[in-house]
Amino acid sequence: MKTIYKKKHYWCIVKKIFFLSFTFSMPACDSFLDVDLPKSQLTNTTVFQDYTTANAAMADVYSKIRDKGLLTGTLVGLTSQLGNYTDELTFYGSATSATFGFYTNQVLPSNTTVALFWNNSYNQIYAANAVLEGVRPSTFSHQQKAQLEGEALFVRGLLHFYLLQLFGEIPYIETTDYRINSVVTRMSTTEVYTHIITDLKTAENLLLPVYSGTERVRANSFAVKALLARVYLYVSKWGDANKLATSVIENNSLYVFENNLNKVFLKNSTEAIWQFMPALAGKNTDEGAFFIFTSGPPSLVSLSESLLNSFTVNDLRKTAWTGSVSNGIRTWSYANKYKEPRNTSTSREYSMVLRLTEQYLIRAEARAELGDLIGAKEDLNKIRKRAGLTDIIASSKEEILEAIFQERRKELFTEYGHRFFDLKRTGKLDTILSLKTGWNTTDNLLPIPESELTLNPNLKPQNPGY
């Protein structure tokens with residue numbers, strides 16, 4: 001498994017932090033090499049002799065997730081690929097593109113985007129493990145250690161969570177030792193969830209309830225709680241999901257429900273639990289640059305008719321969060337949650353990874369499952385009121401759960417694959433997507449990249465259908 005056990009990525013971090021000039025040629029930092037670090041140069045130990053450089057190493061992990069990871073807002077991220085894979089987006093790009101395979105539900109083990117999902121995620125997990133291994137024996141203060149350990153564990157749990165949803169049984173990587181990682185086997189879904197929950201609970205205890213700076217771009221204990229609430233929802237631990245979502249919702253000194261739909265996705269929004277800061281001052285989000293187009297037909301994607309038709313006429317989210325372009329004959333729509341496709345004098349929007357409204361939706365679903373139907377409707381109606389809608393009239397548990405499911409579609413569209421994951425966990429994939437040409441039941445999982453199976457046969461068998 002080349003992206004798990006090869007050591008080049010961390011060396012790239014060291015190179016970046018110290019801005020050194022070397023007398024030998026340094027390869028690009030996109031994948032790991034089969035060799036160890038140069039023994040004559042800076043090592044992991046050197047980075048963690050100083051908190052400033054250690055903190056920079058952790059910041060670099062976040063930037064890799066933003067720029068090249070599953071959560072990037074570009075074409076190759078989950079938002080785009082799973083939007084095309086389900087019923088959120090219509091693809092207009094080349095039929096030779098890896099994305100076309102997602103749109104037509106004809107993903108192959110050789111698909112380059114599938115390889116990126118796997119490789120980049122394990123690359124970033126490796127870097128998080130390097131931070132953990134470097135911080136634990138360091139002489140930093142207790143709080144400095146706790147911050148970096150907590151953030152690294154949060155990232156490790158986060159990335160394994162997404163890999164689990166995409167690929168099913170996967171290895172859970174907790175070391176940088178290539179001798180171990182090169183022969184790993186896949187764990188059961190239950191085992192992976194156990195590791196994720198353990199990492200996140202440890203991170204929650206390590207991190208402070210406040211942010212480490214003025215921005216909401218580094219995880220605090222409430223970002224961990226928010227993710228853990230989602231994990232508990234996925235594994236049907238309703239009481240735990242309800243408790244953690246409530247903890248986030250009730251922290252109104254940090255998080256306030258934003259009633260203005262046009263302010264939800266601004267940088268440092270009161271709804272923001274965790275955001276990505278753009279790489280450069282004045283840059284805005286990759287999502288804005290990717291989704292917004294000014295002439296038709298679009299070059300890459302538009303919102304699907306299915307998604308647009310899910311909104312009622314008076315739903316303010318359709319007005320605020322979608323835009324349209326017409327050529328006089330035909331009209332195409334785009335996601336307009338982020339409204340800045342270009343640079344501005346100062347950055348106005350940050351990519352929203354975790355936000356407060358999802359916690360209300362999590363709690364509504366957990367409450368309904370626990371039999372608190374009144375509480376579930378209260379949470380759901382709060383979201384509907386902001387969208388200009390009347391209270392739901394559902395009365396039974398089943399009706400309320402279906403209303404929550406429908407609300408999640410309209411609230412969380414084009415946000416990191418929520419639609420696919422919701423269809424999957426509620427058993428609706430085949431029912432909803434059977435109308436798509438190319439859809440098969442086995443498409444509930446992506447294939448393990450064929451290159452990884454070749455490198456490490458212990459990862460076999462391939463997922464069904466591939």
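Details
- Cα gyration tensor category, rounded, prolate or oblate, for the range 241-343 with a/c compared to 1.5: oblate
- Cα long-axis angle, helix 221-234 against the chain (0 to 90 degrees, to the nearest 10): 60
- In order through the range 395-400: 3J(HN,Hα) via Karplus (6.51 cos²θ - 1.76 cosθ + 1.60), integer Hz, x for Gly, Pro: 10, 7, 4, 5, 5, 5
- Axis angle, to the nearest 10 degrees, between helix 356-370 and the longest C-alpha principal axis of the chain: 70 degrees.
- For Y334, the residues 5 or more places off, or on other chains, whose built amide H falls under 5 Å of its own are L303, G323, S324.
- Amide H partners (placed H, <5 Å) of S351, local residues excluded: F276
- Among the listed pairs K283/K318; K339/K436; K201/K267; K243/K382; K339/K377; K237/K263, those beyond 22 Å (Cα-Cα): K283/K318; K339/K436; K201/K267; K339/K377; K237/K263
- Reciprocal of mean inverse Cα separation for the range 237-425 (Kirkwood radius, Å): 17.6
- In Hz, Karplus ³J(HN,Hα) per residue of the range 105-110 (6.51, -1.76, 1.60; θ = phi - 60°; x = Gly, Pro): 6, 10, 6, 10, x, 8
- Across every direction, the projection of the convex hull enclosing the Cα atoms of the chain has a mean area of 22.4 nm².
- Sites Q143 and L316, calculated FRET efficiency, Cβ-Cβ separation with R0 60 Å, nearest 0.05: 0.90
- Between helix 142-167 and the chain there is an angle of about 60 degrees, using the helix long axis and the longest principal axis of the Cα atoms.
- Over the range 237-425, Cα pairs under 8 Å with separation of 6+ residues give a relative contact order of 27 percent.
Every number here is computed from the coordinates shown, using simple stated rules; none is lab data. Note that the coordinates shown come from a computational prediction; the quantities given were computed from them, not determined experimentally. Neighbour counts are summed over all protein chains in view; Cβ atoms, including those assigned to glycine, are modelled from backbone coordinates with ideal geometry.
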